[in-house]
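> To start, I am sharing the structure in question, which I have written as structure tokens.
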């Protein structure tokens, strides 16, 4: 899959008020981050501010994708919610580390740990 061509997103809503789970497959760059932004924006518009984003099948993330996660985390926090990243791949974690974002983004090893983090919010 070439960068910028597509990203596949599966969405699951645990209950009507959330949390929501977004499972991503593909690359997150300046072009595909717009698709992710749309999904997150729709959840926020529905007052669902607790979101789990599964990054285990994302091989590449640009700074545009990382920026989107920070903006989403900020908005979620302002609305008593949170974004939890599940199993970021080595390459994604490397980008987040280089950008100094790992201390401010919540991460979990699996869905159950992510749900526990969100329930503690």
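The values are calculated or read from the model by the stated rules, or taken from the named source; none is laboratory data. Source: prediction; values computed, not measured. Here the Cβ positions follow ideal geometry from the backbone for every residue, glycine too, while neighbour counts run over all protein chains shown.
> Could you check how many residues of the stretch 63-114 are in contact with a strand residue (DSSP E or B) (Cβ under 7 Å, 6 or more places away or on another chain) and either closer than 19 Å to residue 35 by Cα or not in a loop (DSSP other than H, G, I, E, B) (or both)?
Within the stretch 63-114, residues that are in contact with a strand residue (DSSP E or B) (Cβ under 7 Å, 6 or more places away or on another chain) and either closer than 19 Å to residue 35 by Cα or not in a loop (DSSP other than H, G, I, E, B) (or both) number 19.
> Specify the residue that is surrounded by the most Cβ atoms within 10 Å (Cβ to Cβ); the eligible residues are those in the stretch 1-19 that are touching a helix residue (DSSP H, G or I) at 6+ places or on another chain (Cβ under 9 Å) and either in a loop (DSSP other than H, G, I, E, B) or modelled with pLDDT of 95 or more (or both).
19
> Just one of 47, 112, 79 is surrounded by fewer than 18 Cβ atoms within 10 Å (Cβ to Cβ) and either over 20 Å from residue 15 (Cα atoms) or free of Cβ contacts under 8 Å to residues at least 24 places away in the same chain (or both); which is it?
112
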